[in-house]
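Let me begin by presenting the structure, written as C-alpha cells, before commenting on it.
Laboratory data are not the source of any read-out in this text; all were calculated from the coordinates shown. Not measured: the values here are computed from a predicted model. Quick reminder, even Gly has a Cβ in these numbers, built from the backbone with ideal geometry, and neighbours come from all protein chains shown.
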Amino acid sequence: MPAAIGTNQTFFVHSNIVQNPVCDGGAFEMMSLNEATAESAPQPDVPMAIRADGTGSAVPLALYPEGFDLSDFVIFDPATGESVSGAGYSRISPLDGDIPLPEGGEGAGDSTNTPPETGFYRVVRNGIHIFGLTNDTVLSGILKIPVEAGNDQGILSSITLSANDNPIPGTSMMSQEFSEPIEGLPAVTNTPLAGLNFILDTRRVSNGDYYLQAHGQWVWSSTNAYDVPYVRVDSPSILVHITNEISFPDWVQEFRDDLMLIKVTSAVTNTDWQVDVYGSEEDYVGSFIGHTDDGLIDIPWNLHDPYGNPRTDSTFTTVTTITNSATASSATQVNPNLIHIVDNYPTEGMWLIARADYIPPNAQNYSTYVSIQDGFAVIGEGGGGVLPGLPYRSAGTALFINNVTNVGAFARALTNHLVRNFYFDGHGSPDFIGYFPDATGAKRPITASTVAKLLGNDPPSTNSIRYRWVWIDSCQSALGDWPQAFGMGNRENVALADYVSRPATFCGFTHEVYGFTAFHGISSIDISSISFRSYFQVFWSVYGDTIKNAFSEAEFYSGDHDDPQYLKIYGYWGLHWNEFNSKSEWPPSP
C-alpha cells in the first residue's frame, strides 16, 4: 500500500494476524507471559517471546526471523520454566527448538481435525525489485536471482529479466496461467508461478559490466471492446560485473546428424584446452585438444568417434578444461546441453498472417492500415502459400480475428506443421498475444508457453517444430519466451556458419509500441507506423534486401516515430524474404 499523503511511511495495525494452531482438542489461546508461567495456565511446549514492557501477547519464538533483534523481549523457555532476557539472544540459539505439532494419536485433538487458524501476511514493496543484489556485485556461474513483485491491481502474468535491456540466453521468463485456453486450441497445463526466482547462467553472456533489470506485467479484465488493461513495471537497474573463467556467449545448443559446433570462450587468452565428449549413456566418446591465443575455442565435429564410427546419440555432454600457459593453473566447466535435431521442414514453408480486432474501424488511416496488413499476406502467397484459406480469409488478405470461428482457424494454423512463417498484429506482451473472443463472450489470449508445448519446443526436443520467420508486431514481444516458443533463440546477428539447424529470424519489440492512439474521442493510426511496415515489405520482398537492411531502410524512409528504437531482430540478420523456405535449401551444399 502506498504511504499516506505528506509522509514516506504509513503504519497499518491489524489485530490477531497470527493465531496458534488448534491442538489438544481446542485452541491454545494467546496469553501474557505472566499467564504463561502461572501454575493454573496451560504451559506452552515451544519457546515464547513477549515484549519486555508487558505490552502485547506471548507468541512462539519461531515466528521471528533468524537474526531478529530480541533485545526488547523476554524469552520463556518451557524446558526450564524460566524466562531470560532477549538482549544478546539469537533466534538461532539452541534454546529455539522447532517442535512439530502433533499429527495424530494421543493428544492430537478430536477426530474432526479442526484446521488451524492462521493470518500470516507477506509484505513486499510496490512494483518489481531484484532482491539481495547491490550495485557492483561480482557474479559468476549459475545463480538464483530472487525478485519481489507487488501491485495494487491486476494479476501478475509475467516477469522477465534483462541485461543491458536485452534478454539473457538461457534465462526463462517466469509466467503463470492467468486465463483459460481459447476455444479451438488444445489445453496445456502451465506450471504455476511457484517461486519468484530466476535461474541466471552468467556463462551465457560475455564477461563484462551489465545492468540487470526485472520487468513485471499485471493484467486485468477489459472495460471496453478494444483495450487490454495492463501495467508494466520495471525494477531499478543494478550494475553487476560478470566474470567467468569459461563462458559460452556463442553456444549452439542443437546438432544434426553430421555436424555439432562446440563454441567456448576462455577468459585467459593464451591457454591450452581440452574438451571431453560423453554420449547419452554418459559413456566417454573422445577428446579434442588444442591451444588458443585469443581465448576462443571453436570445434566443428562430424559426430564420428576416434575410430571412425558414427554416433547416433540424441544428446551429448561436453566438459571443457583450460590450462593457463603462464601459470599452469587450470579450470574445468561442464558445458550447456546439446540436443540432436531433425530437419522436419516441409517441402515449402507456408505463412500465417493475422491481425486482431483491436483498432476501431472508424479510426483515421484505418483503410491504409488494413491494406498494409494485407500486404504481408501477398508476400506469403508468393512464397509458399498462406493458411487458413476460405472461408476464413480471401486471397491477398490477412486473417481478421474478430469472431470465435476465426479464432479457432487461427489457432489451428498456428500449430500446423506446414506453417513456418508468422506475422501477427495485435495486443501482446512477453507471454501472450491477442485478446480473442470465445464462445462465452469472454476474451482470452494465447500464451507463449502453450504455443511452445504444442510445437514441441518446451522443453526443446529432437522433433521440435522450428519456425523460419516470425514477427510478433506487439508490445514487449521480444522480452519474454516468444522466440523460444517458435524454436528460435534470442541472440542477435547470428552468423550463418553458426547454424546447424535451419537459420531463423524473430522480430519483436522490447517496449510498448503505440501505432494506434485515442484521445478525447478522436482516434487515429500513426501514418509513420503504417509507412514503417510498408517500406519494410517493399525493401524485403521487392528489392531483395536482407531483413536487417530492410528494417533499416524502413526506419529511414518512414519518418519520426518510436517503433524502430524498440525493435529487436534475433537470429540471422542476412535472411531474405523467401530464403531457406524449402526443404532442399538446407543444409547448403559444401
*From the Cα gyration tensor of the stretch 402-465, with a ≥ b ≥ c the square roots of its eigenvalues, which class applies: rounded if a/c is under 1.5, or else prolate if a/b is larger than b/c, or else oblate?*
prolate
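If you place +1 on the Cβ of every Lys and Arg, -1 on the Cβ of every Asp and Glu, and leave all else neutral, what size is the dipole of the stretch 507-590 about its Cα centre, to the nearest 20 Debye?
Dipole of the stretch 507-590, to the nearest 20 debye: 260 debye.
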*Separation of the stretch 449-474 and the stretch 221-282 by C-alpha centroid, Å?*
17 Å
*Measuring from centroid to centroid over Cα atoms, what is the spacing of the stretch 477-521 and the stretch 396-442 in Å?*
17 Å
*Ordered by residue, what ³J(HN,Hα) values in Hz, to whole numbers, does the stretch 74-85 give under the Karplus form 6.51 cos²θ - 1.76 cosθ + 1.60, where θ = phi - 60° and Gly and Pro are x?*
10, 10, 9, 9, x, 5, 10, x, 10, 10, 10, 5
*Considering only the other residues whose Cβ falls under 15 Å of the Cβ of THR397, what net charge follows from Lys and Arg at +1 and Asp and Glu at -1?*
-2
*For an R0 of 30 angstrom, estimate the FRET efficiency from the Cβ-Cβ distance between TYR307 and VAL342 and round to the nearest 0.05.*
0.75
_What does the net charge come to around TRP471 if you take all other residues with beta carbon closer than 14 Å to its beta carbon, with K and R at +1 and D and E at -1?_
+3
*Mind giving me the nanometre distance, one decimal, between the label points for ASP72 and ARG412, set 7 Å out from Cα along Cα→Cβ?*
6.8 nm
*Considering the options LEU399, PRO388, PHE424, tell which one lies farthest towards the positive end of the dipole of the stretch 360-480, charges being +1 on Lys and Arg and -1 on Asp and Glu at the Cβ, about the Cα centre.*
PRO388
*About its Cα centre, what dipole magnitude does the stretch 231-292 give when the only charges are +1 on Lys and Arg Cβ and -1 on Asp and Glu Cβ, stated in debye to the nearest 20?*
420 debye
_Under 5 Å between amide hydrogens, which residues at least 5 positions from TRP573 or on another chain qualify, with H placed 1.01 Å from N in the peptide plane?_
ASN493, VAL494
*So between ILE289 and ARG125, what do we pick up on full extension, going 0.36 nm a residue minus the alpha carbon distance?*
53.9 nm
*Starting from the Cα of SER589, step 7 Å along the direction of its Cβ; do the same at SER394; then give the gap between the two resulting points in nm.*
4.4 nm
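Could you calculate the FRET efficiency of ASP562 with TRP220 from 1/(1 + (r/R0)^6), where r is the beta carbon distance between them and R0 is 22 Å, rounded to 0.05?
Rounded to the nearest 0.05, the efficiency is 0.30.
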*Which value, in debye to the nearest 20, describes the size of the charge dipole of the stretch 411-459 about its Cα centre when Lys and Arg Cβ atoms bear +1, Asp and Glu Cβ atoms bear -1, and nothing else is charged?*
120 debye
*Express in nm, to one decimal, how much length is gained between VAL319 and SER280 on full extension, taking 0.36 nm for each residue of separation and deducting their alpha carbon distance.*
12.6 nm
